[in-house]
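Novice: The structure that follows is given in the form of structure tokens.
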Amino acid sequence: MAKEGTSIEELTSSLQHYFVTSLRDCEESSYSYSAMNLLEEASLAHILNEQSAQLGHPECTVVGTLFAKRYSVFLMGLFAAASLHDTLLSASPNHVRFNSTQGGAMAYETVVMDGYSLLAFPTLERDLQFSEYVQLLQTHTVPLFQAVALHTGTNIKVMWSLVSHNLQQLYIRLASDQKHWRTDNRLELIRRDLALLIEPFPGNLLAVKLRMFQHPDWHGPHFYVRSYCCLAYQIDTGTAKRDYCTTCPKLDPEERIHLLHSPDNQP
């Protein structure tokens with residue numbers, strides 16, 4: 001991920017690699033959909049039907065829940081750009097474009113917010129800037145999630161809880177590995193940004209309390225257990241075994257440990 005002192009080129013590369021997000025520097029875009037299409041019933045139905053087909057036509061609520069989980073990848077990229085690079089990217093439906101890729105996933109495109117950037121030092125002014133950004137991103141995303149929830153019957157509280165979980169997981173990873181922050185100043189910014197992200201102010205949909213997983217047989221990275229299941233296990237994978245996430249709340253501690261110790265299964 002992009003780190004303190006890196007160039008916009010390195011940030012662009014990091015966004016693409018970790019968050020399948022590209023930065024657009026002109027009016028033209030090769031991405032199929034605008035986020036505005038999610039606010040139009042006909043185009044929303046087409047997009048969700050396309051994703052449903054990629055997922056094997058599960059229940060509508062599965063499509064809606066996984067949409068939120070996949071869209072959280074885009075939001076993670078925006079917050080990583082803010083906390084690591086002091087760069088504010090737009091979540092406005094007018095600016096965001098996306099493609100549907102394999103398995104119902106998405107690739108995203110947005111722009112840098114003109115005239116806006118964060119201070120690179122832990123000050124009250126930066127805290128205010130970041131808090132305003134947290135609220136702005138929610139303001140832009142709420143109508144998209146409301147439209148998807150209404151169309152699929154998905155619980156919007158579950159959708160936001162999944163987003164919050166992925167964002168909190170992001171900040172755990174950033175703070176736990178010095179290659180992401182390199183200086184004590186940047187680490188302090190990461191910690192302050194996380195506190196502001198989940199601050200329980202009125203209307204903060206990301207203020208979700210999560211339980212850290214602890215087990216005497218687990219010595220790997222720290223991670224939170226989700227409050228709600230993302231329903232990915234309901235996707236038909238062609239096997240009789242249900243495919244649960246390592247962070248799924250449906251697992252008991254021993255089932256989780258067994259899954260964590262399986263090859264290629266890290267939270």
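Any read-out appearing in this document is the output of simple, stated calculations on the displayed coordinates, not a laboratory observation. Remember, it's a predicted structure, so these values are computed and weren't measured experimentally. Neighbour counts run over all protein chains shown; Cβ positions are idealised from the backbone, glycine included.
Novice: About its Cα centre, how strong a charge dipole does the chain have in debye, to the nearest 20, once Lys and Arg get +1 and Asp and Glu get -1 at the Cβ?
Specialist: For the chain, the charge dipole is close to 680 debye.
Novice: Using helices alone, what [θ] at 222 nm do you get for the chain, with -39,500 (n - 2.57) per DSSP H run of 4 or more residues, divided over all residues and rounded to the nearest 500?
Specialist: My calculation for the chain gives -16000 deg cm²/dmol from helical runs alone.
Novice: Let me ask you something else. Between LYS250 and GLU132, 0.36 nm times their residue separation minus their Cα-Cα distance comes to what?
Specialist: So the extension gain works out to 39.0 nm.
Novice: For THR61 paired with LYS179, estimate the spin-label separation in nm (one decimal), with each label point 7 Å from Cα along the Cα-to-Cβ line.
Specialist: Here the modelled spin labels are 4.1 nm apart.
Novice: Let me know the whole percent of all Cα-Cα pairs from region 50-102 that are separated by more than 16 Å.
Specialist: That fraction is 52 percent.
Novice: Please name whichever of CYS245, ALA42, LEU206 sits farthest to the positive end of the charge dipole of the chain, dipole taken about the Cα centre and charges placed at Cβ: Lys and Arg +1, Asp and Glu -1.
Specialist: CYS245
Novice: Based on a Kirkwood Rh over C-alpha pairs, give the Stokes-Einstein translational diffusion coefficient of the chain at 25 °C and viscosity 0.890 mPa s in µm²/s.
Specialist: 127
Novice: Which residue, GLY153, ALA120, HIS180, has the largest displacement toward the positive end of the dipole of region 118-231 when charges sit on each Cβ (Lys, Arg +1; Asp, Glu -1)?
Specialist: It is GLY153.
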